[in-house]
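Written below as structure tokens is the structure these notes are about.
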Amino acid sequence: MDHAPSKLVRACLLILTFLAVVAAAKMAQNLLAPATLAIVLGVVLSPLAARLENMGVPRAVSAALALLTAAAMIFVLLAMLGPVLSALADQVPRIQQQFRGWLNELTYMLRSIGGISFDLERTISEGGEDAVEEAIPSVVEALWLAPNLLAQLLIFAGTLFFFLLTRDELYSAVPHFKVSLKHADQAVAYYFVTITLINFGLGVALCGLLLLIGLPNPMLWGAAAFLANFVLYLGPLAIAFSLLMAGLVTFSSAYALVPPVAFLCLNAIEAQFVTPALVGKRMSVNPLIVFLSIVFGLWLWGPLGGIVALPVVIWVYALVSAQSKRGTASEYKMEQVA
């Protein structure tokens, strides 16, 4: 009779612990987000550091070289992202003007409704510009955010360096999981490198198609697709919607639907054929778990959380799979000995 209450108490304690951990992670975003990103990149770069160490390079030097590699990767991504954001910001007035024209046509059709059309027009025309101005930080706000950004960069660099430097010692502290941890690291590294190459191919293909279609800035759209495709489902959806808006602004006929449809076709080919063929079903995770983990990561830490969510899920999945296989193999050996 005492088993049911004890199970209920245990379940309640687990739920309360989970909520407390989530709340702490939310409050400590400035600390945990860069540290988690550093560990994810450390896992990806750990094969490189291990290979350098096997070649006789001191561990501290290999960790420093891996840190420089990560810094170069981030610099390249920021260099690609900067022109994309700048080009999109330049298109904001044009998009507002186009929307204002559509709104004028809509208000003409809805004049019989009364004041609704006037309120809607005033909200879009006046409030839209205010929203754009509020989205751009002032110089004072930028100076206020600078120390926080510098602190996060230091946390990222320190965590990445010391993780690569002491990775073997950390794994040796849990010998029962050491082999499984290294297997999970290899799985995440393989997945990340493969997905990066796939996303690069998707960006190049989209750039070529948009060049044929005639949409302005095809290279910037290709770079945006490359970056957004790291956030599964939501990233491609955002690119498709943005291409729809760009098509409506650039073209005046049904030809405006061609850019988003072309991207969706490329994304479908990548998701249904290319990624399964290169990544393989052995690393496949339930789509519902992937979607919920990305949404949870976006809610928890913003875009950074959406980027690290899937590698963390794959790492946990690979760790559990490797540990279960080790358990099954050990049981089989015990049966053979018996």
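A short reminder: the numbers here are calculations on the coordinates, not readings from a lab. Here the structure is a predicted model, which means the values were calculated and not measured. Please note: Cβ atoms are built from the backbone with ideal geometry, for glycine as well, and neighbour counts cover all protein chains shown.
According to the square roots a ≥ b ≥ c of the eigenvalues of the Cα gyration tensor, what is the shape class of the range 242-296, taking rounded for a/c under 1.5, prolate for a/b larger than b/c otherwise, and oblate for the remainder? Please list the in-between numbers first.
Numbers: a/c = 5.10, a/b = 2.05, b/c = 2.49.
Oblate, since a/c reaches 1.5 and b/c is not below a/b.
Only alpha carbons enter this Debye calculation for the range 215-324, each as an equal point scatterer, and the log10 of I(q)/I(0) it gives at q = 0.12, 0.14, 0.21 Å⁻¹ is -0.51, -0.66, -1.16. Between the beta carbons of residue 244 and residue 271, assuming R0 = 25 Å, the FRET efficiency works out to 0.85 to the nearest 0.05. The slack between residue 316 and residue 291, meaning 0.36 nm per residue of separation minus the straight C-alpha distance, is 7.4 nm. When the alpha carbon gyration tensor of the range 147-273 is reduced to an equivalent ellipsoid, the three semi-axes, largest first, read 40, 18, 11 Å. Size descriptors for the range 5-68: radius of gyration and Dmax over Cα atoms are 19.2, 59 Å.
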